[in-house]
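As structure tokens, the structure follows; a few thoughts come after it.
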Amino acid sequence: MEPKIIKGWHNKPSWNNLGEFTKPNGKFEDGEGGQPVFVPRMLPPIFAYDHKLVMLLAEAERKVGELKGRGSELENPHILIRAHLKKEAVLSSKIEGTLASLEDLNRQEAIGDIDKKDAADKRLREVVNYVNALEESLDQVRDSGQRVSLDMLRKAHGKLMNGVRGGDKSPGEFRDQQNWIIKTRGTAHEIIYAPPPPEKVPALLGNLEEFFQGDSKSMPVLIQCAVMHYQFEAIHPFRDGNGRIGRLLLPLILCEKGTLPEPWLYLSAYFDEHRDQYYGGLLAVSQKSKWSEWIKFFLGAFIEQADETIRSIQELLALMKEYKGALLNKNASGNAVILMERLFSNPYVTIPKASQLLGVTYPSAKNAVMALVDAGILEQTNIRYRSKVFVAGEIEKAIRVD
């Protein structure tokens, strides 16, 4: 589990792991109550491009290039993009301890009405907020041509934290107080990291923004991503929600710099699967300046997730081709074909939702839904709701989060 971040916590113990900062990537200063806090070095960092790192970089760039090519072949990439974006929202939130499933997210999107009194739905709202924050930021980068900036991240943070756990911790504003990252074991509390004091945050963030807005001639984009992700987490600029915003930053940078024209690639699945390495790698940079090891870990994430996304695209496209053939054989309407394609963004649908998606009357939407039921693509669920709820089971299985 991620260490707890306790704000305004008094009677803080001394760090028990200060002796592990043998070659720190920064310096210690006295913080609140005389406790030492860590101020990371300004960017860019110094590290060696050894043979393994160079080979991993070449492989990562090749895999990401292959993903870019596969994505450019799609007639309507947005249909599949949203499915991957929602998976990222679920997994990035899971790393922070928010347990909400992709199935629940898709059901909520199809049905609506989050019950504010239900704890599970409150957790789901956190994931919905993540989807909205990421989509809005990506629209600004792709459609409006805006540069990724600190202001964009502040607005994304405000949307992320709106009305959810941590929503009372200055959403959309950089912190004005000290954070302490605490590991809790029973009643014992241990400081494992204290980010820089609030008065140091503006200069560090200014340096970070200058770094990620710079060109990629001096440092490859994939390595820039690894560096800036560490630096963002080391600064810990918000009172809460830093992990999610730090991961949200990655697809924004890849899109802005043209590494990928669309937000295909996300790393939270890899970070969740290798959680100890993820947190251990971040801490090792602070403690021992292990930049090379951290960058290699990050490049491995790019390689594995690019491969996984390519596989997922191929699987979904094969399923879509099969469905189109089945509908053609049954002389299904154009509305049925369009609705079938929309199911790859969300396999759950009601007839009113289909009417909204297609921009047609209720009877026309019902005909399209029934055509998909007749073709074996949709089946009615046992979900209790004022309208019948249908699901495309094979699509749901293909886009599931394990």
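Ordered by the count of other Cβ atoms within 10 Å of each Cβ, fewest first, CYS255, CYS225 give CYS255, CYS225. In whole angstrom, note down how far apart the Cα centers of the range 126-165 and the range 325-402 are. After rounding, the separation between the Cα centres reads 30 Å. The Cα atoms of the range 148-211 give a gyration tensor whose axes a ≥ b ≥ c have a/c of 1.5 or more with a/b no greater than b/c, which makes the shape oblate.
Assuming a viscosity of 1.002 mPa s and a temperature of 20 °C, what translational diffusion coefficient in µm² per second does Stokes-Einstein assign to the chain, Rh being the Kirkwood radius over Cα pairs?
On the way: Rh = 22.7 Å.
Using the Kirkwood radius from Cα pairs, D works out to 94 µm²/s.
Rounded to the nearest 500 deg cm²/dmol, what is the calculated helix-only ellipticity per residue at 222 nm for the chain, with -39500 (n - 2.57) per DSSP H run of length n ≥ 4? Result for the chain, helices only: -18000 deg cm²/dmol. Straight-line cross-link partners of LYS169 among the aspartates and glutamates, defined as a Cα under 13 Å from its Cα and at least 8 positions apart when in the same chain: ASP240.
Going down the list LYS122/LYS397; LYS27/LYS290; LYS257/LYS290; LYS68/LYS324, which pairs span over 18 Å between their C-alpha atoms? Intermediate values should be presented prior to the final figure.
Details: LYS122/LYS397 25 Å; LYS27/LYS290 15 Å; LYS257/LYS290 26 Å; LYS68/LYS324 25 Å.
Check vs 18 Å cut-off fails for LYS122/LYS397; LYS257/LYS290; LYS68/LYS324.
Treating the angle as unsigned and between 0 and 90°, give the value, to the nearest 10°, between the Cα long axis of helix 291-329 and the longest Cα principal axis of the chain. So the inclination is approximately 10 degrees.
Annotation: amide H of TRP180 within the under-5 Å range of ILE6, sequence separation 5 or more or interchain, hydrogens built in the peptide plane. Going from the residue with the fewest nearby Cβ atoms within 10 Å to the one with the most, ILE338, ILE182 rank ILE338, ILE182. What whole-number distance in Å separates the alpha-carbon centres of the range 250-285 and the range 49-116? Between the Cα centre of the range 250-285 and that of the range 49-116, the gap is 10 Å. Put a plus charge on the Cβ of each Lys and Arg, a minus charge on the Cβ of each Asp and Glu, and nothing anywhere else: the dipole of the range 315-360 about its Cα centre is then about 100 debye.
Coordinate-derived values only; no laboratory data. Just so it is clear, the structure is predicted and the values come from calculations on it, not from any experiment. Every residue, glycine as well, gets a Cβ built from its backbone with ideal geometry; the counts of neighbours run over all protein chains shown.
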